[in-house]
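Colleague: If you scroll down you'll find the structure; I have some questions about it.
The values are calculated or read from the model by the stated rules, or taken from the named source; none is laboratory data. As the structure is a prediction and not an experimental result, all values here were calculated from the model. So basically every Cβ, Gly included, is an ideal-geometry build from the backbone, and we count neighbours across all protein chains shown. Just so you know, the surface numbers come from the protein's heavy atoms only, side chains and all, with ligands and any DNA or RNA stripped out. Shrake-Rupley method; radii C 1.70, N 1.55, O 1.52, S 1.80 Å.
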Amino acid sequence: MTVSYELLKRLDHKAEVLAQYKPAAVREWVVVLTENGKTRELVMPMAPDLRTLARIAPNAVLTEVHMRSKKSQPAGGNPFFAQN
């Protein structure tokens, strides 16, 4: 997995800022990974650990990490492994 130090600093800062405004019960983490030209989203209830992501997809590139409210989840499909 390829992750830059700058991205890690931005993620930490974003998590701190967002934690102040939304209670944990109404948010979820969305991790976007790209591997072999395919992009997938992993939806997690808490902030992702990079070691965990490396075990899930060792050859993937971490494209994006953001938080969203649980209400914005698309209807249907598996909420933990949603293919794009």
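Each row is one residue, and each column tells you yes or no for (1) at pLDDT 85 or above; (2) of a type in the set (Ser, Thr, Tyr); (3) open to solvent by 80 Å² or more (accessible area, probe 1.4 Å).
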position: Ser4; (1), (2), (3): no, yes, no
position: Leu7; (1), (2), (3): no, no, no
position: Arg27; (1), (2), (3): no, no, no
position: Val30; (1), (2), (3): yes, no, no
position: Asn36; (1), (2), (3): yes, no, yes
position: Thr39; (1), (2), (3): yes, yes, no
position: Lys71; (1), (2), (3): no, no, yes
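Colleague: Determine which single condition Pro58 fails, assuming it passes every other condition in (1) surrounded by 12 or more Cβ atoms within 10 Å (Cβ to Cβ); (2) at pLDDT 85 or above.
Modeller: Condition (1) is where Pro58 drops out.
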